[in-house]
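Take a look at the structure below.
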Amino acid sequence: MFIVLTSCDNVTENEIQKEQEKANLGKNIGPLALEYLVKYVYYWDLEKYTPVANKYLGIWPSHNSYLYSIAKDKFGFSKILIYDYLPQHTAIEAGYDSLQIVAMLPHDKNWAQYFVDMYNKVGGYYIDEPIERWTYTHNELVTLANNLKLAGNVTPILLGGYTGAAVEYYKYVRDNTTNTFFMCDKYVGDQRDYWTSWKNHYGIDRLSGNWLHIDTDFSEYQDLLGHANNLGLSQTWVFANGLSNVEAKLYNFADKAWKTNWLLKVERKYRQEYRCYERNCDPEENWQLYETVPLNQFRTITFNQDQE
């Protein structure tokens, strides 16, 4: 006996279509094609320089808002010399506070008080080579310094000089004032001996750092900054006014300042993504740099001799 079972359910057209789709599923799937391989490389690179505690680097740049900013934010200068109201305003906009600004007084002594009033509150006044240029006598410098002090203005007056013939005049100013300080700006030859004699003449307490020339002293940065350490100086200044390629030279100066413990170096971590689109990724040349990504990781490093 044969028994035949039949279904009483009707098969709809939609169900037939679904069964066909199931049957076709996967027929066209082949091996997944790999488009590229990826590898990451990490490295540290310079972000900026920052001041060492109780040490100060100053700069006299051209009036340029970009230079003012990078001197402070990139290269670690904590003081700046300005020579008029507009540069003073630019320095403040660049982030220098009033006590980090040293303001130049004019060679025409008749305008000195006018500029003092115009600058208002600053960290110091600077007169460039007054004895050497015959713009002030030693007595006039004493009068200016003492009059400011009597008026309640305790802002220090910085006097730049370079000749041995002027030493006795500056010593007279030192002995008859309490608010004057001295800076050597001799740029010719090896000025280390001159810096030493400057300290011996005026005493470490009356030195306000010495000047380096960003061009003339380019090959001597490290020697001069090291000698400033030997003398116990806490300030060093860089003359860069009216000169070209200043930013490139500041990289060199900042590197030497880091190597002589005048600056700290801050580095940032980066990730590079490389991609290989070839079947064989063993040859290094088959890897192509796709992107470089700065990461939010920083480190501050001091210099040691092993890094040379």
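The values are calculated or read from the model by the stated rules, or taken from the named source; none is laboratory data. Here the structure is a predicted model, which means the values were calculated and not measured. Cβ: placed from backbone, ideal geometry, glycine included. Neighbour counts: every protein chain shown.
Test Thr236 against the criterion of being assigned by TED's automatic domain parsing to the domain that holds Asp255, in contact (Cβ under 8 Å) with a residue 40 or more places away in the chain and outside any loop (DSSP other than H, G, I, E, B), and give yes or no. In short, yes.
Those residues that are of a type in the set (A, V, I, L, M) and surrounded by fewer than 17 Cβ atoms within 10 Å (Cβ to Cβ), I need them from the range 38-69; list them, please. Give the derivation first.
So in the range 38-69, the residues of a type in the set (A, V, I, L, M) come out as 38, 41, 46, 52-53, 57, 59, 67.
Once the filter is applied, which keeps residues that are of a type in the set (A, V, I, L, M) and surrounded by fewer than 17 Cβ atoms within 10 Å (Cβ to Cβ), the range 38-69 yields Val38, Val41, Leu46, Ala53.
Has the range 161-170 got any residue that is closer than 30 Å to Ser65 by Cα and loosely packed, with under 15 Cβ neighbours inside 10 Å? So that I can check it myself, show each step before the final result.
At the first step, the residues of the range 161-170 found to be closer than 30 Å to Ser65 by Cα are 161-162.
Among the residues that remain, those that are also loosely packed, with under 15 Cβ neighbours inside 10 Å are: none.
No, the range 161-170 has no match at all.
The set of residues in the range 175-208 being surrounded by 22 or more Cβ atoms within 10 Å (Cβ to Cβ), touching a Phe, Trp or Tyr at 6+ places or on another chain (Cβ under 8 Å) and either assigned to a loop (DSSP other than H, G, I, E, B) or among the charged types (D, E, K, R) (or both) consists of Ser208 alone. Selection of the range 252-287 for residues being loosely packed, with under 14 Cβ neighbours inside 10 Å and touching a strand residue (DSSP E or B) at 6+ places or on another chain (Cβ under 8 Å) yields only Tyr277. So which of Trp60, Trp111 is modelled with pLDDT of 95 or more, under 30 Å from Asn146 (Cβ atoms), among the hydrophobic types (A, V, I, L, M, F, W, C) and not in a helix (DSSP H, G or I)? Answer to the check: Trp60.
Scanning the range 239-250 for residues that are surrounded by fewer than 19 Cβ atoms within 10 Å (Cβ to Cβ) and touching a residue at least 60 places away in the same chain (Cβ under 8 Å) yields a count of 4.
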